[in-house]
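Undergrad: The structure is given below, and queries will be raised subsequently.
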Amino acid sequence: QVQLVESGGGLVQPGGSLRLSCVASGSIFSITTMGWYRQAPGKQRELVAIMANGGSTNYADSVKGRFTISRDNAKNTVYLQMSSLKPEDTAVYFCHADLSTFTVPRSYDAWGQGTQVTVSS
């Protein structure tokens, strides 16, 4: 059993900053990529940022230069530092990991329950 637990969401004014965290726990054998997706009301879930084990990253064009993803592999944790937030960043942010476990040795997608980020004055 694997759990991804996000924290750090909340209400912030435009131009403000927030830092999201996500910890993966359970019988994890390996994690290849960890990252963040978001889903705004009435919209499809979209990629925000992901980071591979080697450190390579991929960002949505809409967040480049404003958001920074980082990982602590020893702690199975991924972070998302969000700056210069805009109202259009308002969404539920989901943590994602591509991982394998000791009981399920092939890679599969694991998701957190989501954390709300609201950017509003």
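Undergrad: On the basis of being among the hydrophobic types (A, V, I, L, M, F, W, C), assigned to a helix (DSSP H, G or I) and more than 15 Å from L11 (Cα to Cα), does A110 make the cut?
TA: For A110, the condition - among the hydrophobic types (A, V, I, L, M, F, W, C), assigned to a helix (DSSP H, G or I) and more than 15 Å from L11 (Cα to Cα) - is not met.
Undergrad: Report the residue count in segment 26-48 for those that are part of a strand (DSSP E or B), open to solvent by 40 Å² or more (accessible area, probe 1.4 Å) and charged (D, E, K, R).
TA: Summing the residues that are part of a strand (DSSP E or B), open to solvent by 40 Å² or more (accessible area, probe 1.4 Å) and charged (D, E, K, R) in segment 26-48 gives 1.
Undergrad: Say we look at segment 51-84 and pick out the residues that are out of contact with any strand residue (DSSP E or B) (no Cβ under 8 Å at 6 or more places or on another chain) and in a helix (DSSP H, G or I); which of these is nearest to T115 (Cα to Cα)?
TA: Filtering first and then ranking leaves S62.
Undergrad: Additional query: Counting only residues that are closer than 13 Å to Q3 by Cα and either without any contact (Cβ under 8 Å) to a residue 60 or more places away in the chain or not aliphatic (A, V, I, L, M) (or both), how many does segment 109-121 have?
TA: Number of matching residues: 5.
The rows are residues; the columns are (1) β-branched (V, I, T); (2) closer than 14 Å to I31 by Cβ; (3) over 11 Å from the mean Cα position of the chain (by Cα); (4) buried (at least 18 other Cβ atoms within 10 Å of the Cβ).
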{"position": "I50", "(1), (2), (3), (4)": "yes, yes, no, yes"}
{"position": "N53", "(1), (2), (3), (4)": "no, yes, yes, no"}
{"position": "R71", "(1), (2), (3), (4)": "no, yes, no, yes"}
{"position": "A97", "(1), (2), (3), (4)": "no, yes, no, yes"}
{"position": "S107", "(1), (2), (3), (4)": "no, yes, yes, no"}
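Undergrad: Could you tell me whether any residue of segment 73-86 is modelled with pLDDT of 95 or more, open to solvent by less than 80 Å² (accessible area, probe 1.4 Å), on the phi > 0 side of the Ramachandran plot and over 15 Å from the mean Cα position of the chain (by Cα)?
TA: yes
Undergrad: Given the criteria open to solvent by 10 Å² or more (accessible area, probe 1.4 Å), among the basic types (K, R), modelled with pLDDT under 95 and over 12 Å from the mean Cα position of the chain (by Cα), does R66 qualify?
TA: Here the answer is no, as R66 does not meet what is asked.
The values are calculated or read from the model by the stated rules, or taken from the named source; none is laboratory data. The model shown is predicted, which means the values in this text are computed figures rather than measured ones. Here Cβ is always computed from backbone atoms with ideal geometry, including for glycine, and neighbour counts include all displayed protein chains. To get the accessible areas, we keep the full protein, side chains included, count just its heavy atoms, and leave off ligands, DNA and RNA. Shrake-Rupley method; radii C 1.70, N 1.55, O 1.52, S 1.80 Å.
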